[in-house]
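The values are calculated or read from the model by the stated rules, or taken from the named source; none is laboratory data. In this text, all values refer to a predicted model and were calculated from it rather than measured experimentally. FYI the Cβ positions are ideal-geometry reconstructions off the backbone, even for glycines, and counts take in every protein chain you see. All accessible areas refer to the heavy atoms of the entire protein, side chains included, with ligands and DNA or RNA removed. Shrake-Rupley method; radii C 1.70, N 1.55, O 1.52, S 1.80 Å.
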Amino acid sequence: MSVSRRLETFVAFSAEVTAFTPTEVWGTGLTQRYLDTVDGVVGTAMTDALLNAFDRITTQSAGERTAKLRQTVFGCEQLGPVARAVVKLWYIGTWYALPAAWQERFGPAAQDGTFVPTPDAYVEGLLWSAIGAHPPGAKAQGFGSWQFPPGIPKF
Amino acid sequence: MSILDRRAIMVDPGVLKNSGHYDAIIVGSGVAGAIIANELAQAGKRVLIVEAATETDRSFKGYSSYLQHFYGQADKDNQSPFPVNRNADMPRSGQLRKLDPLEINSTSYIVQSGPYVTDTVYTRAFGGTTIHWEAKTPRMLPQDFQMQTLFGQGKDWPIRYHDLEVDYELAEREIGVSANVEDQQYLDITFRSSYVYPMHGLPLSYLDQRVAAQIDGSEVELYGERYPLRVRPFPQGRNAIPNQKYDGGKGYQPVGAVASHQIDVGGRCQGNTNCVPICPVQAKYHAGKTLAKAFDTGRVDLLSQAVASRVVIDSASGRVTGIETKLYHDPASPDHHTIMITGTLYVLAGNAIETPRLMLASGLRSSSGLMGCNLMDHAYLLNWALMPQICGTMRGTTCTGGIVELRGGAFRRHQATFSVDIHNDGWGWATGSPASDVVELVDAGNKFGADLRQAIIDRVSRQLLLAFMIEVLPSESNRVSVNPSYTDLLGNMRPVVSFTVPDYTLRGAAYARQFAKTVFARLGAEDHTKYDPSDYGFVTYEGEPFAIRGGNHLAGTHVMGTDKATSVVDTNQRCWDHDNLYLVGAGSMPTIGTANVTLTLAAMAFRSARNMIMQLGRLHAPVQT
């Protein structure tokens, strides 16, 4: 997979598993940083395995993709914990350490641990826009905005 | 407002020696020290502030570095913006664990001597804990000052509400409080006629309104008396819309961010929902705003990275002759040298743990024997639930409204009062939400994609957390002490805290739990509260489990009173034993009721500053600069 194709696949996978659009994912400005984060923790070979597994199902219908993702990615003993870490990374902005059992079996992933890849990661967490709020300490919605019902985006 | 170019001497004892005589040496740059520094300086006095921390946030850039540090921390606890400085260490709740009987845990900065483990914190930074505080600013109730007389519990204050009323107004001006008088006239709180707060109150959150819709007008019964419930806005020390009627129609000018060049932020709260641990725009008051005015006079010097280590006394007169201070050059290294700092008056403005710690480390126990005793802190009991509808949780200031009708009443003969906060930031304090929700939904819930996104909305946007701030009365055995076995990297003795949650408070907690269940029932909210026996704050009362959290409202440890046998300081916060030494802050408070302590300690700082100016006037004519 070429470098650019690799990033595009990572964005497509990220959009699929977060239910945000690829445009919104690109809009965080963190796509390359997060791909580097995953590569840094589990190595490019395992990242490629994750991206290839997703690439193989992209032409299927949405329902089929979800079922296949459960079977071949989230249900995969090796790729599942990595995929879940990627979902958490996008929503929260924190890379959560992989489970100890994963480390024993598929590690060592030397760079693993719970960390925030860059201060922007917290600010760009998808969680906040999902609930019509904002990350505490950033992107404030304005004086008095809190007195009105939240604007929770449809998706 | 420029403060970078104001005179502020750095760690250079040579400069200090040449700087002439100071009318007052103030230890600590928090709100009490800042107000006193500014009041003395405005009266023409020369002041040196001794601050243990670095002065990182004296510039906007420095302040912003705290914010970046906060963003980058995976564990966003309430001290997370503030980097570790082992030379001026501070408590951090992440370091705590439950104690076995008789066990002492000295791995955290505060040595926990138990049996209760407190996760209370304070911030050793320029501006003190106001850099971190939530800025809720209720006044104490008049009845809070007479606990013994009215309810046969705790202590009476040597002064009354009306003695502090004008100083409350000064504190509300200094802090810049936003509230409406009509919302704050409850129980027996009174205001002088025509008084208005500097700024109009902040609006209640949508979550507050959803709670109010179901409970306003309902009642609870306690010991035969009925108490009407209502969601009321809290007074807040953050900028809102100025009230044109303030100060006899002169209005009020909000103070935004303090910086070395023009920065137009902080003039009004933006709703960052991050009052604790740090307001990104400085719409929330912090003592740096008062210090900026003080530095502007040219009569206030700052010595940072200077840790007061010993109060030196002339044994014949009892007067303070100097403060031995350790100067470190680099927060990453314990290398330091020691100097003696001298002035006419001395003011210890640490907090109710650091001030008695310094006194006790200096061998000064007070002839009352009460130095460090009567440690109080509000006991928090958290109750959390899911509302039946989307409430837009995670928006607003940390807290805009709550239920305060049980702050006072005849039941205080039997059990503690409480004030209830409706948290706009969801279950975070109790469970680590919303990050913990996402982790659970992904890892255990096996959700991703649209299922996950919808589940997050359902889980987070309906969260309601009621935090009960429960009164704690003074008890001599709840105390701060020191022990030469426990020192910091500079060789200063660390505080040792011994604390038992009093039964009076636990009776209040037991009722608080019942009260929460009643409120949840009226809301149709799904109660998710549970207290884990392995929690470091776990206690049981009459077989019922509770996890009690610290309130960061430390008080009582150099108690104010009417004579030297039963108190440490007089009504001006001057030590009975040392007539040129003031111990200021919530440590002087005999009781704390259900008021967050900062407003009251700020009011007392104005009172003390007036007395200091009078005392200095008697001692010598003002120094001309």
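General remarks:
- Any hit, segment A:19-34, residues being surrounded by 17 or more Cβ atoms within 10 Å (Cβ to Cβ) and within 11 Å of another protein chain (Cβ to nearest Cβ): yes
- Picking from residues in segment B:348-365 that are part of a loop (DSSP other than H, G, I, E, B) and among the aliphatic types (A, V, I, L, M), the one that is nearest to B:VAL312 (Cα to Cα) is B:LEU364.
- Check on B:GLY363, modelled with pLDDT of 95 or more and open to solvent by less than 10 Å² (accessible area, probe 1.4 Å): no
- Selected residue (only one of A:GLY125, A:GLY113 is surrounded by fewer than 17 Cβ atoms within 10 Å (Cβ to Cβ), within 13 Å of chain B (Cβ to nearest Cβ) and under 18 Å from the mean Cα position of the chain (by Cα)): A:GLY113
- Among the candidates B:GLY426, B:GLY432, residue that is buried (at least 24 other Cβ atoms within 10 Å of the Cβ), at positive phi and within 14 Å of chain A (Cβ to nearest Cβ): B:GLY426
- Within segment A:51-74, residues that are touching a residue at least 24 places away in the same chain (Cβ under 8 Å) reach partners that are outside any helix (DSSP H, G or I) with beta carbons closer than 6 Å, at six or more positions or on different chains, in the pairs A:ARG65/A:ILE57.
- Among the residues of segment B:519-546, those identified as in contact with a helix residue (DSSP H, G or I) (Cβ under 9 Å, 6 or more places away or on another chain), open to solvent by less than 70 Å² (accessible area, probe 1.4 Å) and in a helix (DSSP H, G or I) are B:VAL519, B:LEU523.
- Residues of segment B:547-566 that turn out to be closer than 30 Å to B:HIS132 by Cα, part of a loop (DSSP other than H, G, I, E, B) and touching a Leu at 6+ places or on another chain (Cβ under 8 Å), as a count: 5
- From the list B:GLU225, B:GLU221, B:GLU174, B:GLU182, the lone residue that is open to solvent by less than 40 Å² (accessible area, probe 1.4 Å) and of a type outside the set (Ser, Thr, Tyr) is B:GLU174.
- A residue that is open to solvent by 10 Å² or more (accessible area, probe 1.4 Å), in contact with a helix residue (DSSP H, G or I) (Cβ under 7 Å, 6 or more places away or on another chain) and either at the interface with chain A (Cβ under 10 Å from one of its Cβ atoms) or without any contact (Cβ under 8 Å) to a residue 24 or more places away in the chain (or both) cannot be found anywhere in segment B:465-485.
- Once segment A:65-105 is narrowed to residues that are part of a helix (DSSP H, G or I) and among the polar types (S, T, N, Q), the residue that is surrounded by the most Cβ atoms within 10 Å (Cβ to Cβ) is A:THR66.
- Identity of the residue in segment B:146-162, touching a residue at least 60 places away in the same chain (Cβ under 8 Å) and outside any loop (DSSP other than H, G, I, E, B), that ends up most open to solvent (accessible area, probe 1.4 Å): B:LEU150
- The residue that is nearest to B:ILE339 (Cα to Cα), among those in segment B:29-61 that are over 22 Å from the mean Cα position of the chain (by Cα) and not aliphatic (A, V, I, L, M), is B:ARG46.
- Residue count for segment A:86-101, restricted to those that are within 21 Å of B:ASP437 (Cβ to Cβ) and more than 9 Å from every other protein chain (Cβ to nearest Cβ): 5
Residue by residue, here is whether (1) within 20 Å of A:PHE106 (Cα to Cα); (2) aliphatic (A, V, I, L, M); (3) touching a Phe, Trp or Tyr at 6+ places or on another chain (Cβ under 6 Å) holds:
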| site | (1), (2), (3) |
| --- | --- |
| A:VAL17 | no, yes, yes |
| A:GLY29 | no, no, no |
| A:ASP36 | yes, no, no |
| A:ALA45 | yes, yes, no |
| A:ALA67 | no, yes, no |
| A:THR72 | yes, no, no |
| A:VAL87 | yes, yes, yes |
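- Matching residues, segment B:558-613, being polar (S, T, N, Q), farther than 19 Å from B:GLU165 by Cβ and touching a strand residue (DSSP E or B) at 6+ places or on another chain (Cβ under 8 Å): B:SER567, B:ASN580
- Number of residues in segment B:66-103 that are of a type in the set (S, T, N, Q) and modelled with pLDDT under 90: the value is 3.
- Within segment B:67-115, if we keep just the residues that are among the acidic types (Asp, Glu) and within 14 Å of chain A (Cβ to nearest Cβ), the residue that is surrounded by the most Cβ atoms within 10 Å (Cβ to Cβ) turns out to be B:ASP77.
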